[in-house]
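> The following block contains the structure, expressed as structure tokens.
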Amino acid sequence: MAAFSARDHRAECAVVLSLSLELLGFGRDDGVAQHPTMNCGMIHHWVLSYAPELDKRVRPHLNLTNDSWRVDETYIQVKGEWKYLYRAVDSVGNTLDFMLSAKRDGKASARFFCKVLKATHTQAPRVITVDRNAAYPVAVEALKADETLAAETELRQSKYLNNLIEQEHCNIKRLTKSMMGFGSFHTARRTLRGIEAMSMIRKGQAKGISKGKNVSQAKFIEELFGISA
């Protein structure tokens, strides 16, 4: 998806981003254009189109996270069934990565760890804090065996120390609850990419963008899509 430069596209793109943020649970006071005639179906279409692109475009701009991982998973309803959203943050709450999975087992956990390691803004973990889920030790041992993880990587199972990421889940659950679940795995995965990307921006993880600075965050998004003034 290229930058939008045509004059008749500029307002439309700003509208799309504004409404996408609204559907993802954020206010309309962020300095992005608004439009009174867009309906829910159009918003849904734009979110599915733009959410993955926002996630893709924001990643090169993310600050490096630290080497203390906090990993957990939460439940997401898809077509009336519970699926699993794996999420990881560092010790100060910065998002490392996320992954929607149909299963919650050792293979899924290992696949998620590999995804986090491949992210450009993360670094190899010194310690990984998880809950008592038996799948995590299995995954870590397998990744140490094939040298994906360093042998000295510490796995720490502690529900208390993982409170940080469990609190993080609350925001995701609040947003997805308002959507009353997802109609398909594809829709869930694409929408969650937008939610998580916006969360990273809101936390101030993008270079030069501070937490709580709504106007600068909105301008940053416009610049990502080539629609800044």
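The values are calculated or read from the model by the stated rules, or taken from the named source; none is laboratory data. No experiment lies behind these values; they were computed from the predicted model shown. When we count neighbours, we look across all protein chains shown, and the Cβ atoms used for this are built from the backbone with ideal geometry, even at glycine. Side chains included, ligands, DNA and RNA excluded: accessible areas come from the protein's heavy atoms. Shrake-Rupley method; radii C 1.70, N 1.55, O 1.52, S 1.80 Å.
> Kindly list, by first and then second residue, each pair from a residue in the range 106-122 that is at negative phi to a residue that is of a type in the set (Phe, Trp, Tyr) and open to solvent by 20 Å² or more (accessible area, probe 1.4 Å), limited to pairs with Cβ atoms under 9 Å and residues at least 6 apart or on different chains.
Matching pairs, first to second residue: Ala108/Tyr84.
> Further, regarding this structure: Going by the conditions given, is Lys211 assigned to a loop (DSSP other than H, G, I, E, B) and among the basic types (Lys, Arg)?
Values: assigned to a loop (DSSP other than H, G, I, E, B): yes; among the basic types (Lys, Arg): yes.
Yes, satisfied.
> So in the range 58-100, with the set limited to residues that are among the aromatic types (Phe, Trp, Tyr) and buried (at least 22 other Cβ atoms within 10 Å of the Cβ), which one is farthest from the chain's Cα centre (by Cα)? Write out each step before concluding.
Let us first name the residues in the range 58-100 that are among the aromatic types (Phe, Trp, Tyr), namely 69, 75, 82, 84, 86, 98.
If we keep only those that are buried (at least 22 other Cβ atoms within 10 Å of the Cβ) as well, we get 69, 98.
Values: Trp69: 15, Phe98: 6 Å.
The extreme case among them is Trp69.
> So if I check each of Ala206, Ala188, which one is more than 30 Å from Lys79 (Cβ to Cβ) and either at pLDDT below 90 or of a type in the set (A, V, I, L, M, F, W, C) (or both)?
Numbers: Ala188 fails: more than 30 Å from Lys79 (Cβ to Cβ).
Testing whether each residue is more than 30 Å from Lys79 (Cβ to Cβ) and either at pLDDT below 90 or of a type in the set (A, V, I, L, M, F, W, C) (or both) leaves just Ala206.
> In the range 169-208, which residues are surrounded by fewer than 21 Cβ atoms within 10 Å (Cβ to Cβ) and of a type in the set (Val, Ile, Thr)?
Result: Ile172, Thr187.
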